[in-house]
1. Largest first and to the nearest Å, give the Cα extent of the range 85-145 along each principal axis.
2. Taking the range 1-45 on its own, what percent of its Cα-Cα pair distances exceed 17 Å?
3. Pairs to check: 105/154; 27/93; 2/105. Give those whose C-alpha atoms are more than 32 Å from each other in this structure.
4. Counting only the heavy atoms of the protein chains, how much of residue 31 is accessible to a 1.4 Å probe, in Å² to the nearest 10?
5. Can you compute the modelled spin-label distance between residue 133 and residue 157, with each label point 7 Å from Cα toward Cβ, in nm?
6. For a quick check of understanding: with a 1.4 angstrom probe and all protein chains in place, what accessible area in square angstrom does residue 17 have, to the nearest ten?
7. Roughly how much of residue 36 is accessible, in Å² to the nearest 10, using a 1.4 Å probe?
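The values are calculated or read from the model by the stated rules, or taken from the named source; none is laboratory data. Worth saying up front: this structure is predicted, and the values here are computed from it rather than measured. Cβ atoms come from the backbone with ideal geometry, glycine included; neighbour counts cover every protein chain shown. Keep in mind that these areas ignore ligands, DNA and RNA; they rest on the heavy atoms of the full protein, side chains included. Shrake-Rupley method; radii C 1.70, N 1.55, O 1.52, S 1.80 Å.
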Amino acid sequence: KKEEFLIGAGHSLSNSFDLFDDGAILKEKGRLSRAYTLFQLSMEEAGKVILLLDGFTMLSIHENNSGFFDKTRIDDYYKKLDNIFYDHSNKTKYIIEYELLNLNKFIERNNTNKEAGICKQRDEVQNDLKKLKTINELKNNSLYISIENGKFIKPNIKIDSKTLSSIEHKAYSKLMLTKTKSLRFLKDRKFETGVDLEYLDNLKLYSELKK
């Protein structure tokens, strides 16, 4: 059922904020390496929100378009869902690409000067795509004993305050973007998708956003 996509998006949104909050608690306790893990996991969960909202929209369009159903496109989406939902690296990539898409749209729409702060933010996000492997390796190193040059390295050696601050900033920007997307989604779609308002009111997605 397409409504399950909304429920999944709501759970993912809630979980992404919970992970971020838990990361902040660990940061305050000085557990920097574990905090890094949770900040990045919160980014991954944010990617699920976007993926599931897009899936709900696509299924709604196909249902409401005079019975037209593009099986190939639906099958492609489910393959994409399966590929991203359970893969840590792909979830990170998905939310980074979504943020980059939004930044590029804003810059193009407003004819923004290339020296503006948002252009620098766009360049930073673009660079994150190139450093995707490093970002995910840091997450692993924040949890497990690693080996470098024949030496065993503890997680707290790999994750310093600067590295943690960087991932916290990245995660926060993506969570805010995801929340904005979710609010816009509910505002724009709840009268179009055939899902009644009472049902939406009871969704975790909606209740989280009303806080």
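1. 46, 24, 14
2. 38 percent
3. Working: 105/154 42 Å; 27/93 24 Å; 2/105 28 Å.
105/154, as the Cα separations exceed 32 Å there.
4. So the heavy atoms of residue 31 present about 120 Å² to solvent.
5. Distance between the two pseudo-spin positions: 2.3 nm.
6. 50 Å²
7. Probe radius 1.4 Å; accessible area of residue 36 about 10 Å².
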